[in-house]
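The values are calculated or read from the model by the stated rules, or taken from the named source; none is laboratory data. Since this is a predicted model, take the numbers as computed values, not measurements. All Cβ positions, glycine included, derive from the backbone under ideal geometry; neighbour counts span all protein chains shown. With ligands, DNA and RNA removed, areas are computed over all heavy atoms of the protein, side chains included. Shrake-Rupley method; radii C 1.70, N 1.55, O 1.52, S 1.80 Å.
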Amino acid sequence: MGAKWTNADIPDQTGRTVVITGATSGIGLITARELAGAGARVVLAVRDPAKGRAVAATLPGRTEVRELDVSRLRSVREFAEAWRGRIDVLVNNAGIMQVPEARTEDGFELQTATNFLGPFALTTLLLPHVTDRVVTVSSQLHRISRIDLTDLAWASRKYDDLRTYADSKLAVLLFTLELQRRLAEAGSPVRSLAAHPGIATTNLVAHRGRSATPFSFLLNDPEHGALPTLFAATQDVPGGSYVGPDGVGGVKGHPKIGTPSRRARDPRLARELWDVASRLTTADTATRAPQSGK
Ligand SMILES: NC(=O)c1ccc[n+]([C@@H]2O[C@H](COP(=O)([O-])OP(=O)(O)OC[C@H]3O[C@@H](n4cnc5c(N)ncnc54)[C@H](OP(=O)(O)O)[C@@H]3O)[C@@H](O)[C@H]2O)c1
């Protein structure tokens, strides 16, 4: 391996099954392309199956498309209930940022549902199938969050599109680290890891007319933005690692293991969040007894 880790360092993935949410665009699509190219069977878990099939047709190797809208608990449950066999790697990548205020059919604020509650429910429901690791995509913006566990669904506060996003990314990081603690306590070999792409020029904020900027050279291109996810998905890193770009402020560069905010590492906050999320989604039964290989 060279000094800077790149997609050329991905080991052979033959025989491995990888599920990637939101694999139709940006980091998810590149992650799918690279892992399928390295020999994995890649399941594109996407909200728009037609778009998913069009994307899959451009990818190398062995891919499948399955419908999954992570913002809807019903869709999450249907996906999990239909799953048969082993998942080596689950990549919780799907996400949205700073969208206009909206509620899901479950009554949750849309960013919270898409970026945290859906991935929480999906992971806990699929966990009995997971044999190697769960990689969840967070963001450096988790550092500005002041999460309010008494109103995770943003039912009684004025909507703030940036704070809501930051809260969802702190929540998913707290969840990742709490999952790792629970897996370790249960003696499970499964690892829970987080990745973040720095700031990558994907479609994430295209709806705000911010897809192109003259300062793009200061940011990660999507290819580099996907490297931390690929690193976390394929390298022998300790459970609970937070992988992101090595440049200043973690904005740009090649993967390295970093340190999440102090709040993200607070185990008491994480346990409280887990309880709230379990109550809201009623989806944590699987994590009470983590297993491998079903
Ligand atoms: N780009 C950055 O600078 C940056 C920084 C920090 C963190 N992140 C995180 O990186 C992850 C990937 O984002 P990206 O930058 O690659 O953005 P992107 O190009 O907009 O890709 C987002 C993907 O998520 C999918 N998605 C959105 N809502 C979904 C839902 N309800 N169910 C299933 N899939 C859904 C989208 O599907 P459609 O194709 O159907 O829209 C798309 O495939 C996100 O979690 C994001 O928060 C990105």
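Compared with the direct C-alpha span, the chain from residue 184 to residue 259 gains 25.1 nm at full extension, assuming 0.36 nm per residue. Taking every Cα-Cα distance in the chain and sorting them into 10 Å bins from zero, the calculated P(r) comes out as 7, 31, 40, 20, 2, 0 percent. Rounded to the nearest 5, the antiparallel percentage of DSSP beta bridges internal to the range 7-283 is 15%.
A simple charge model with +1 on the Cβ of Lys and Arg, -1 on the Cβ of Asp and Glu and nothing else charged puts the dipole of the chain at about 180 debye relative to its Cα centre. Phi angles of the range 184-192 translate, via the Karplus equation with coefficients 6.51, -1.76, 1.60 and θ = phi - 60°, into HN-Hα couplings of 5, 4, 7, x, 7, x, 6, 10, 10 Hz per residue; Gly and Pro are given as x. Would you please state the base-10 log of I(q)/I(0) at q = 0.09, 0.20 1/Å for the range 105-238, with intensities from the Debye formula using one equal scatterer on every alpha carbon? Computed log10 I(q)/I(0) values: -0.30, -1.26. Solvent exposure of the chain, expressed per residue, is 42 Å² of accessible area, with all protein chains present and a 1.4 angstrom probe. Straight Cα distances below 22 angstrom link residue 169 to the lysines 158, 252, 256, with same-chain residues fewer than 8 positions distant left out. Charging the Cβ of each Asp and Glu at -1 and of each Lys and Arg at +1, and nothing else, the dipole of the range 70-174 about its Cα centre rounds to 160 debye. Taking 29, 152 and ordering them by how much accessible surface each has at a 1.4 Å probe, largest first, produces 29, 152. With a simple spin-label model that places each label point 7 Å from the Cα along the Cα-to-Cβ direction, the separation between residue 282 and residue 223 comes to 4.8 nm.
Per-residue SASA remark: residue 148, around 50 Å² accessible (1.4 Å probe; ligands, DNA and RNA not included).
Within the accessible surface of the chain, defined with a 1.4 Å probe on protein heavy atoms only, the carbon and sulfur portion equals 52 percent.
The charge dipole of the range 1-48, taken about the Cα centre with unit charges on the Cβ atoms of Lys, Arg (+1) and Asp, Glu (-1), comes to about 60 debye, rounded to the nearest 20.
Of 74, 86, 181, the residue with the largest accessible area leads and the full order is 74, 86, 181 (1.4 Å probe). Applied to the range 129-136, the Karplus parametrisation 6.51 cos²θ - 1.76 cosθ + 1.60 on θ = phi - 60° returns per-residue 3J(HN,Hα) values of 8, 7, 9, 10, 7, 10, 10, 10 Hz, with x for Gly and Pro.
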